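In what follows, a single structure is set out as structure tokens and then discussed.
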Amino acid sequence: MQKTDQRILRLIDVLIFQNKVNREIDFCREINILPQTVSKIKKGTNHFTVTHIENIIEKYNVNANWIFGLDKKVFNMSGSIEIADFLQ
């Protein structure tokens with residue numbers, strides 16, 4: 001599984017924890033991805049596309065640099081939580 005995929009899957013958990021989405025299926029609906037695709041991403045047979053990533057960044061104000069492992073700050077706002085690259 002690609003590191004960007006792992007980070008986005010972790011992001012889903014963060015969004016649920018922060019009550020920005022209720023469930024994974026709500027996240028899928030909001031970024032226009034099928035739940036089956038997320039299952040395939042978890043298995044390593046599919047990956048989040050550039051369009052998915054663009055939708056995530058726009059919808060949730062996510063820091064693209066975090067998705068690509070270049071920054072610890074998850075969101076584009078002051079006081080954003082930070083998640084170090086736990087995926088080394």
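The values are calculated or read from the model by the stated rules, or taken from the named source; none is laboratory data. Everything numeric in this text was worked out from a predicted model, so none of it was measured. Positions of Cβ are backbone-derived with ideal geometry, glycine not excepted, and every protein chain shown enters the neighbour counts. Each accessible area value is taken on the protein alone, full model and side chains, heavy atoms only, with ligands, DNA and RNA left out. Shrake-Rupley method; radii C 1.70, N 1.55, O 1.52, S 1.80 Å.
Tabulated data
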read-out: Charge dipole (debye, nearest 20) of segment 23-70; +1 at Cβ of Lys and Arg, -1 at Cβ of Asp and Glu; value: 240 debye
read-out: Karplus-derived 3J(HN,Hα), 6.51/-1.76/1.60, for each residue of segment 52-68, Hz, glycine and proline x; value: 4, 5, 4, 5, 5, 4, 5, 5, 10, 6, 7, 6, 4, 5, 5, 4, 8
read-out: Relative contact order of the chain, pairs being alpha-carbon contacts under 8 Å that are 6 or more residues apart, as %; value: 25 percent
read-out: Protection proxy ranking of 38-44, 51-57 - average other beta-carbon atoms within 10 Å, highest first; value: 51-57, 38-44
read-out: Radius 12 Å from Cβ of His52, net charge of other residues (Lys, Arg +1; Asp, Glu -1); value: -3
read-out: Simple Cβ-charge dipole of the chain, Lys/Arg +1 and Asp/Glu -1, about Cα centre, in debye nearest 20; value: 220 debye
read-out: Surface share of carbon and sulfur [accessible, 1.4 angstrom probe, percent] for the chain; value: 48 percent
read-out: Rounded if a/c under 1.5, otherwise prolate or oblate - segment 3-44, Cα gyration tensor axes; value: oblate
read-out: Gyration tensor over alpha-carbon atoms, the chain, equivalent ellipsoid semi-axes in Å; value: 19, 15, 11
read-out: Ordering of 60-73, 12-25 by burial proxy (mean other Cβ atoms within 10 Å per residue, highest first); value: 60-73, 12-25
read-out: Where N is the number of residues in segment 37-88, Cα Rg divided by 2.2 N^0.38 Å; value: 1.22
read-out: Formal net charge of residues neighbouring Arg29 (Cβ-Cβ distance under 14 Å; K, R +1; D, E -1); value: 0
